[in-house]
Structure formats: C-alpha cells, structure tokens
Amino acid sequence: MKIGAITIGQAPRTDVTVDIMDIFQDKVELVQAGGLDGLTKEEIRHFAPEEGDYVLVSLLQDGSSVTFAERYIIPRLQQAIDKMEEEGCTLIMFFCTGKFPADLQSRRVPLIYPCDVLDRLVPLLTKNSSIICVTPSPLQLEQTKTKWMQYVENVQTVAVSPYGEWDDLEKAAEEVKEMEGDLIILDCIGYTRKMKEMFAKKTGKLTVLPRTLLARVISELTDV
C-alpha cells in the first residue's frame, strides 16, 4: 500500500519513520513531502509568527528546528496533497499534531490528522478528565490549552522542545510529575518512543505518543 506522509517542516522525516515503520510490518510504501521543502533558512525566517498566528514547530533537513506561522505553508501543503493523490497514494497522513483549516482538501483519498485521532481518544483515556500536555514552544502554551479545554475539563501545559537537549526533557518530566492529571499528551509528532518511555517512567503517569498512535490506527488498514 502506498501512503503519503506530509510534514510541516522538511521531508523526509527519518526521525519519525524510525519509530513507526515496524508497526506497518513492511506493508507500506511511504511517500513524503514537507511544507518547507526547498526553502532556505533565510526564506523560512520570513514565516515567523506574529500575534494571533497559529504557531507551528518542526524540523529541517539539517537537524535544526524552526518556529513559524501556519498560514504561510497552507498552499504548499495543498500542493503536496495534490501531488500524492496523483502518485496513487491510498491515504495521506500528517506528521503534525496541529489543527489545520478545513479548506485543505483531498479529492479522492482520506486525510488523516493526528489531532483528530487524539481529540476523540484522549477523553476516553483520562479517568478524571484531567491531562497534562507537553508542547514544543512557550508560544504554543495558550493555543494548546485552549484547544484541549474543548475536550477535557482540566488542562495543564508544559513547553519543552523534542529537538532540544535531553536534560531539558528530563527537567520537564520532573515538573510534570508534580502536576495533577492522570494522562500526559506529548503533543507534537517530534516526540520519540524514547521520550515517551522516559516521561512514563519518571512520572508514573500514562503517556500518549502521537506518532505511534497514528501509525497504529493506520496499520488497521494495512493489516490484510
């Protein structure tokens, strides 16, 4: 089965695929594209978020992370969707947990957004309707809380980049440990299996990792 994978940064996202391709059991051919493909760092600097923008964080091919406003890449994401349809992808998944506008459209195949899967599943996994969301940037704290308050009663947020230092992640886990909330959401596709294991071990809390959750949902369609 040929599946499209769109990142908001630059493709390919080998840091993501290393954690998920085993879930597909070699039954998937992955076609990747990115919203920042072909752009230089200087060009991307012009995408810096301003007040009121929906903020995104992703990875470039040189391994550095960038923060930018969603509005700049929407046309480029649509181009990626159109190209993947032309190449015969059965479905297209997004390597991003952010919310995207409804005018992003596929003519023939499903678009699978991790946020849609999380929105429906997370309320079922928290006994007390109380979660702790870990997000990459301090600029995303308020938008993350606003989003999750639509689905659960209590939301606390912590910012730490999956593309930064490991010590910072461990410090964030210690902070999360002291918070009320029975479920941790690592709310970015950049967080890894290793990071999930660390957060779960240090905090003793159930932890959800979007990249593997997304792959396991899609693997239901490839399990034939």
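The values are calculated or read from the model by the stated rules, or taken from the named source; none is laboratory data. None of the values given here were measured: they were computed from a predicted structure. We place every Cβ from the backbone using ideal geometry, glycine too, and count neighbours over all the protein chains shown. Calculation scope for accessible area: heavy atoms of the full protein, side chains included, ligands and nucleic acids excluded. Shrake-Rupley method; radii C 1.70, N 1.55, O 1.52, S 1.80 Å.
Show log10 I(q)/I(0) for region 1-108 at q = 0.11, 0.21 Å⁻¹, two decimals, from a solvent-free Debye sum over equal Cα scatterers.
-0.34, -1.17
Using only Cα atoms, find the angle between the long axis of helix 210-222 and the longest principal axis of the chain, and express it within 0 to 90 degrees, rounded to the nearest 10.
50
Counting only heavy atoms of protein chains, what accessible area per residue, in Å², does region 139-185 have with a probe of 1.4 Å?
On the way: 2610 Å² over 47 residues.
Each residue of region 139-185 exposes 55 Å² on average to a 1.4 Å probe.
Once the Cα atoms of helix 193-203 and of the chain are each reduced to a long axis, what angle between those two axes, in degrees from 0 to 90 to the nearest 10, is obtained?
Orientation of helix 193-203: about 10 degrees from the principal axis.
Semi-axes, largest first, in whole Å: what does sqrt of 5 times each Cα gyration tensor eigenvalue give for region 121-161?
Numbers: eigenvalues 71, 19, 11 Å².
Calculated on Cα positions only, the semi-axes equal 19, 10, 7 Å.
For region 1-46, just the Cα atoms, rotate onto the principal axes and tell me the three extents in Å, largest first.
40, 18, 11
Through the Karplus equation 6.51 cos²θ - 1.76 cosθ + 1.60, θ set to phi - 60°, convert the phi angles of region 62-69 into ³J(HN,Hα) values in whole Hz; use x for Gly and Pro.
Listing the rounded values in order: 7, x, 8, 9, 9, 10, 7, 8 Hz.
Once phi is turned into ³J(HN,Hα) by the Karplus curve 6.51 cos²θ - 1.76 cosθ + 1.60 with θ = phi - 60°, what whole-Hz value does each residue of region 87-94 show in order, with x for glycine and proline?
Per-residue couplings from phi come out as 7, x, 5, 6, 7, 10, 10, 9 Hz.
Mind listing the long-range amide H neighbours of Leu183? Cut-off is under 5 Å, sequence gap 5 or more, other chains count too, H placed in the peptide plane at 1.01 Å from N.
Answer set, sorted by chain and number: Ile132.
Distance cut-off 27 Å, Cα to Cα: go down the list Lys145/Lys205; Lys2/Lys205; Lys171/Lys205; Lys147/Lys171 and report the pairs above it. Please report the intermediate quantities before stating the final value.
Working: Lys145/Lys205 19 Å; Lys2/Lys205 36 Å; Lys171/Lys205 16 Å; Lys147/Lys171 25 Å.
Correct reply: Lys2/Lys205.
Rounded to the nearest 20 Debye, what is the dipole magnitude of the chain about its Cα centre when Lys and Arg each give +1 and Asp and Glu each give -1 at the C-beta? Please list the in-between numbers first.
Details: 25 positive and 35 negative charges, 92 e Å.
The calculation lands at about 440 debye.
At q = 0.13 Å⁻¹, what is the log10 ratio I(q)/I(0) for the chain, with the Debye formula run over Cα points and no solvent?
Values, matching the q order: -0.75.
Scaled to the compact-protein estimate 2.2 N^0.38 Å, what is the alpha-carbon radius of gyration of region 135-210, rounded to two decimal places? Walk me through the intermediate numbers first.
On the way: Rg = 11.5 Å, N = 76, 2.2 N^0.38 = 11.4 Å.
Taking N as the residue count of region 135-210, the ratio is 1.01.
For region 1-77, with every protein chain kept in place, what is the accessible area per residue (1.4 Å probe, Å²)? Numbers along the way, then the final one.
Working: 3610 Å² over 77 residues.
Accessible surface, normalised per residue, equals 47 Å².
Which angle from 0 to 90°, rounded to the nearest 10, does the C-alpha axis of helix 166-177 make with the longest principal axis of the chain?
Roughly 50 degrees, rounded to the nearest 10.
So what is the calculated 222 nm ellipticity per residue for the chain, using -39500 (n - 2.57) for each DSSP H run with n of 4 or more, over all residues, to the nearest 500 deg cm²/dmol? Each step should come with its number before you reach the end.
Values: 8 runs with 81 residues, N = 224.
Calculated at 222 nm, the ellipticity per residue is -10500 deg cm²/dmol.
What percent do you get for the relative contact order of the chain when only Cα pairs under 8 Å and 6+ apart count? Write down the numbers at each step before the final one.
Working: 401 pairs, mean separation 44.9, N = 224.
Dividing the mean separation by the residue count of the chain yields 20 percent.
Taking only Cα atoms of region 80-171, what ratio of Rg to Rh do you get with Rh as the Kirkwood inverse-distance radius? Provide the component values of the computation, followed by the final result.
On the way: Rg = 16.1 Å, Rh = 15.3 Å.
Over the Cα atoms of region 80-171, Rg/Rh equals 1.05.
Using θ = phi - 60° and the Karplus curve 6.51 cos²θ - 1.76 cosθ + 1.60, what whole-Hz ³J(HN,Hα) does each residue of region 10-22 get, with Gly and Pro shown as x?
Running phi through 6.51 cos²θ - 1.76 cosθ + 1.60 with θ = phi - 60° gives 10, 9, x, 9, 5, 5, 7, 5, 4, 8, 10, 5, 5 Hz.
Between Val31 and residues 5 or more places away or on another chain, which pairs have amide H atoms under 5 Å apart, with H built 1.01 Å from N, and which residues are they?
Excluding prolines and chain starts, which carry no amide H, the hits are Ile3, Gly4, Ala5.
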